[in-house]
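None of the figures in this text is laboratory data; all of them are computed from the coordinates on show. Values in this document were obtained by computation on a predicted structure and should not be read as measured data. Quick reminder, even Gly has a Cβ in these numbers, built from the backbone with ideal geometry, and neighbours come from all protein chains shown.
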Amino acid sequence: MINLTSDELVERLKKDKNSYLLDVRTNEEYEDSHIPDSKLLNIRDPQLFMDGIQKLDKNKNYYVYCHSGVRSVQACQIMKSFGFENLYNLLGGISEWTGQKQ
């Protein structure tokens, strides 16, 4: 797992054609505000999260975020244990995100 600042993530998302932006917050948090084109997979629902990551393509580059960066680190650790290699964590989560939000 590689930690990225908001600016670094913005730059990577512009260039990476193999990216998958993963929001691991709750449905309510996602509906309140999220990064455009992100997919939601709530880590606080363990069964849903485990089922969800097993359906993901391990060849993608996963950019993971939450509210402050704690849950996204946990998500990256779990994903790594399932064989995901290209994992990037947004430092500070969406609270530090300087890019566009929906």
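The table below gives the values:
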item	result
Descending semi-axes in Å of region 6-63, equivalent ellipsoid built from Cα gyration tensor	21, 16, 7
L91-Q47 FRET efficiency (beta carbon distance; Förster radius 25 Å; 0.05 resolution)	0.35
Expected 222 nm ellipticity per residue - DSSP helices of 4 or more, -39500 (n - 2.57), all of the chain, to 500	-10500 deg cm²/dmol
For region 53-102, diffusion coefficient by Stokes-Einstein and Kirkwood Rh (Cα), 10 °C, 1.306 mPa s, µm²/s	140
Kirkwood hydrodynamic radius over Cα pairs of the chain, then Stokes diffusion coefficient at 4 °C and 1.567 mPa s, in µm²/s	98
Check: the chain dipole with +1 on Lys, Arg Cβ and -1 on Asp, Glu Cβ, in debye	340
Anchor K80: aspartates and glutamates whose Cα lies under 12 Å away (excluding residues fewer than 8 positions away in-chain)	none
